[in-house]
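The values are calculated or read from the model by the stated rules, or taken from the named source; none is laboratory data. Predicted model, so just to flag it, every value in this text is computed and none were measured. Don't worry about glycine lacking a Cβ; one is built from the backbone with ideal geometry, like all the others, and counts go over all protein chains shown.
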Amino acid sequence: MRNYDIVVIGGGPAGLAAAKSAYENGCHSVLLIERDTKLGGILNQCIHNGFGLAHFGEELTGPEYAHRAMVELQETASGVEILLDTFVMEITSDKTIYAMNKTDGYFEIFAKAIILAMGCREKARGALAIPGTRPAGVMTAGLAQHYVNIDGYMVGRKVVILGSGDIGLIMARRMVLEGADVLACIEIAPQPGGLARNITQCLEDYGIPLYLRQTVTAIHGKERLTGITVSEVDENYTPIPGTEREIECDTLLLSCGLIPENELSRKAGLAIDPKTGGPFASESLETSVPGIFACGNVLHVHDLADNVTKEAIEAGKAAALFVGGTKETTSKDAIDNPKEFPRKVVKPVEESKQEIADDGAYGVRKMTCIICPRGCQLSVVLSDPPIVSGNSCPRGEEYAIAEVTHPMRTLTTTIRVRYEDGSLGRISVKSNGEIPKEELFELAGKIHHTIIDAPVQVGDEVLPGVVATSGT
């Protein structure tokens with residue numbers, strides 16, 4: 001049996017930060033277990049930008065965020081032992097871990113403390129109970145993201161998104177940039193579930209309609225999806241008879257929510273919070289079992305990876321204190337005084353959040369500011385110069401004027417790489433800064449038809465104005 005002071009399960013942003021924090025707080029017997037063949041977790045397939053503003057002070061893509069976190073771990077906590085391609089099969093309340101991999105087979109690990117950082121998973125079709133056949137072409141948005149961004153496979157040509165979660169919105173944009181026709185995004189609730197930023201830059205930028213208070217009530221096709229039935233719903237989310245309409249499509253991507261990955265937590269006997277789907281946790285992120293801590297999306301689903309990192313740093317410190325013989329709270333507090341986690345609050349919006357209204361001699365364009373999560377509702381008089389109202393900070397005014405005069409965007413995509421043995425792979429890339437919105441498709445097409453040679457490192461310029469965000 002192997003023995004460690006602290007074992008961290010999961011090598012995504014939570015696990016990386018927790019392992020680093022535990023090591024920096026004096027615990028130098030730390031093992032980090034990851035089931036994939038490399039660290040980074042879900043960040044590796046999230047090639048879009050929007051990460052890192054809070055933690056690193058700049059906007060990064062998912063692979064760049066993971067790279068930064070791994071560099072930090074290597075530089076400040078190089079003594080952390082890492083096991084990749086290793087599956088944890090079970091953990092027990094006495095902190096015994098049963099794991100397996102190709103090299104060691106099935107083996108046991110004992111830890112003085114465990115930090116759970118397994119992340120979350122998507123709700124699949126089975127959890128949604130959509131009636132109909134079971135053809136190819138129906139999958140979660142995250143699975144499609146892996147196929148397109150990691151494996152380089154195109155999942156379909158005529159696509160519908162069910163649900164307006166952030167992953168689904170981002171995949172709507174990604175599919176358009178890859179040449180697909182995204183017909184609609186369908187949301188059962190009266191307001192979208194994703195961030196205002198993604199509604200603007202993933203749907204409105206590409207003219208993808210968002211239908212609220214509607215859902216998919218039937219799936220058609222035998223071997224491959226041929227279409228879906230969409231119905232309006234009432235205030236109880238029940239389909240309204242007579243409102244059915246057919247949409248012909250070959251792909252349906254499901255973006256209907258995330259669930260904390262807690263099979264291991266339940267096997268260990270941890271008390272689960274029915275509100276979050278994750279374990280109850282004290283203020284020090286200790287669960288109902290003494291010495292087992294949880295952080296990140298396994299505890300509750302976060303909107304930002306930066307918040308995951310912040311929480312994981314706390315968990316790593318608390319686990320190190322526990323191993324050292326001190327702790328701030330007891331595990332009983334996880335039940336008696338559970339930590340309250342913020343719930344996402346989304347303001348109701350209209351189906352189209354950008355409108356042109358008559359304001360005397362000038363039109364007025366209404367939009368949601370996406371500079372920060374506050375989401376101010378802006379009105380821009382289309383005069384010369386434009387006049388902005390509704391903003392709560394100067395950055396909102398700058399954003400609104402730029403949007404109506406010269407909108408700029410960052411392109412994130414993938415490029416093919418030829419390795420020394422002649423095989424082809426893919427790495428993620430982005431435009432080196434923002435470019436005019438009307439130039440996105442031209443640059444995306446140029447990247448799509450280019451093959452570069454390995455080796456490539458993060459930050460290398462692979463084409464004029466295009467830099468690598470992951471390496472070979």
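Things to note:
- Residue in the range 88-107 that is under 18 Å from I42 (Cα atoms) and either modelled with pLDDT under 95 or in the same structural domain as A319 (by TED's automatic domain parsing) (or both) present: yes
- Some residue of the range 449-462 being part of a strand (DSSP E or B) and within 27 Å of the chain's Cα centre (by Cα): yes
- Of the residues making up the range 1-38, those that are in a strand (DSSP E or B) and surrounded by fewer than 17 Cβ atoms within 10 Å (Cβ to Cβ) number 2.
- When residues of the range 421-448 are limited to those that are assigned to a loop (DSSP other than H, G, I, E, B) and among the charged types (D, E, K, R), the one nearest to the chain's Cα centre (by Cα): E434
- Any chance E81 is out of contact with any helix residue (DSSP H, G or I) (no Cβ under 6 Å at 6 or more places or on another chain), surrounded by fewer than 17 Cβ atoms within 10 Å (Cβ to Cβ) and farther than 30 Å from A268 by Cβ: no
- So V289, is it in a loop (DSSP other than H, G, I, E, B), modelled with pLDDT of 95 or more and buried (at least 19 other Cβ atoms within 10 Å of the Cβ): yes
- Qualifying position, being more than 27 Å from H302 (Cα to Cα), outside the structural domain of G12 (by TED's automatic domain parsing) and not charged (D, E, K, R), among T200, T215, T229: T229
- Where strands (runs of 3 or more DSSP E) fall entirely within the range 213-265, those with at least 2 residues that are among the acidic types (D, E) and touching a residue at least 12 places away in the same chain (Cβ under 8 Å) are at 245-248.
- Residues of the range 147-168 that turn out to be out of contact with any strand residue (DSSP E or B) (no Cβ under 7 Å at 6 or more places or on another chain), part of a helix (DSSP H, G or I) and under 16 Å from I186 (Cβ atoms), as a count: 2
- Odd one out for G194, checked against (1) under 24 Å from R134 (Cβ atoms); (2) outside any helix (DSSP H, G or I): (1)
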